[in-house]
Amino acid sequence: MKYVFGTATTVALLAGSAAFSGGLERTTQSVGVLFEEGRYLEFNLSHVSPDVSGVLGVNSGSMLESYLNFGAAYKADINDTWSYAIIYDQPYGADTNYPTGTGHPFAGSTASVRSHALTGILQYNMPTNVSFYGGLRAQTLQAEAVLPPIPGTYSINSNTDLTLGYLAGVAYEKPEIALRVALTYISETSHDLELTEAVGPMVFPAVIERVKLPQAVNLEFQSGIAEDTLVFGSVRWAEWSSTVIDPPVYSGGSPRPLVFFEDDRITYTLGVGRRLNETWSVLGSISHEETTGSVTGNLGPTDGFTSVGLGAVYSKDNMKITGGIRYVDVGDATSFSGAMFQNNSAVAAGVKVGFTF
């Protein structure tokens, strides 16, 4: 049962599982690696290809670019009581590029957000099948944008800011029925970005703006329901309404901040995994995030999603290779400029390689 769980959570959190979750999320910041047996090392790579366009007089053309996301993790036991894990991920990001030559008001607009995080977690395992864990996360953030619709062409760039956050959680396991429930709190992180704005050749003095990335709560669970069959899932809440970027020059000419999110977000995932033999396992999952109908910014105009994912795992000796693919039906959205984004989608695929030693 434990083997099936490992494959199930791997794919549920793989293949760009947070590709269209609220805000700028690109990973779910899962702590699932803590529950691998012995010493364990993994690497994962996912590719997300969105097809998102909107109409404001004319069609914008696909304005979200494809991207790659890389992650790695290492877990080890110190003794029978203590374990630790080190996780690298790219938790937040954006790649906006409105095609030129379309006649759309935002043609030529671009935006980029980059983040990297390194998390260290220490876990205390009690003899009652309960464990407690906590850790620190060092995280960077950098952002830039160019908006030709503003007369003279508006641009903004930030430095790369490093800050610290933390997480804490509790888990309960019942190995004989492959039961596990893990509840994790992930703190808000505050980045003091040095923002430099320009309109055409005029560069304005740099300002410091505090940008908050949201606190979140993850509930991850699994349970065996039959021999070699497992049900698994997760619920994630993130406080995206606290994230705003509102630089002074831009805000002086716009009714809305450059980056804002009207609502907090809850994302649900449910799936089933099945071990076919000692070598192969398969699984499927469905995820959903509500479409709220709130207005969005022009640089990230999506509102909720529903997705279906399929995956398989090949296991040989101490190695597991996991592959997955996911189709995402992106929720319709209306930007504050009045553009309508409808009938959009994305395809995500990923691979993860893990070693137990």
Problem set entry | Restricting the stretch 118-146 to residues that are among the aliphatic types (A, V, I, L, M) and free of Cβ contacts under 8 Å to residues at least 60 places away in the same chain, the residue that is farthest from Glu37 (Cα to Cα) | Val146
Seminar exercise, completed: Checking Ser83, Ser49, Ser62, Ser21 in turn, the sole residue that is assigned to a loop (DSSP other than H, G, I, E, B) and modelled with pLDDT of 95 or more turns out to be Ser62
Seminar exercise, completed: Expected output for the stretch 203-228 (first residue touching a residue at least 60 places away in the same chain (Cβ under 8 Å), partner of a type in the set (Asp, Glu) and not in a strand (DSSP E or B), Cβ below 8 Å, 6+ apart or cross-chain) is Leu213/Glu188; Pro214/Glu188; Pro214/Glu239; Pro214/Asp264; Ala216/Glu239
Seminar exercise, completed: Only unsatisfied item for Arg180, checking (1) buried (at least 20 other Cβ atoms within 10 Å of the Cβ); (2) over 20 Å from Leu219 (Cβ atoms), is (2)
Exercise. In the set Thr306, Thr334, which member is modelled with pLDDT of 95 or more, more than 22 Å from His47 (Cβ to Cβ) and among the hydroxyl-bearing types (Ser, Thr, Tyr)?
Worked result: Thr334
For this session: Among what's in the stretch 161-195 and is part of a strand (DSSP E or B) and charged (D, E, K, R), pick the residue that is nearest to Val113 (Cα to Cα).
Result: Asp161
Seminar exercise, completed: Checking Tyr92, Tyr88 in turn, the sole residue that is touching a Leu at 6+ places or on another chain (Cβ under 8 Å) and surrounded by fewer than 17 Cβ atoms within 10 Å (Cβ to Cβ) turns out to be Tyr88
For this session: Report yes if Arg137 is in a strand (DSSP E or B), out of contact with any helix residue (DSSP H, G or I) (no Cβ under 9 Å at 6 or more places or on another chain), buried (at least 18 other Cβ atoms within 10 Å of the Cβ) and not polar (S, T, N, Q), otherwise no.
Result: yes
For this session: For residues that are closer than 12 Å to Ala143 by Cα and within 23 Å of the chain's Cα centre (by Cα), tally how many sit in the stretch 193-213.
Result: 2
Problem set entry | Criterion (assigned to a loop (DSSP other than H, G, I, E, B) and either at pLDDT 95 or above or buried (at least 18 other Cβ atoms within 10 Å of the Cβ) (or both)) met by exactly one of Pro127, Pro99 | Pro99
For this session: Would you please name the residue that is farthest from Ala94 (Cα to Cα), looking only at residues in the stretch 276-303 that are modelled with pLDDT of 95 or more and among the charged types (D, E, K, R)?
Result: Glu290
Exercise. Got a number for residues in the stretch 243-274 being in a loop (DSSP other than H, G, I, E, B), buried (at least 22 other Cβ atoms within 10 Å of the Cβ) and at pLDDT below 95?
Worked result: 0
For this session: Could you run through the stretch 275-290 and say how many residues are within 17 Å of Asp228 (Cα to Cα), among the charged types (D, E, K, R) and buried (at least 17 other Cβ atoms within 10 Å of the Cβ)?
Result: 1
Problem set entry | Selection count where residues are farther than 15 Å from Phe221 by Cα, touching a residue at least 40 places away in the same chain (Cβ under 8 Å) and over 22 Å from the mean Cα position of the chain (by Cα), scope the stretch 152-177 | 5
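The values are calculated or read from the model by the stated rules, or taken from the named source; none is laboratory data. None of the values given here were measured: they were computed from a predicted structure. Quick reminder, even Gly has a Cβ in these numbers, built from the backbone with ideal geometry, and neighbours come from all protein chains shown.
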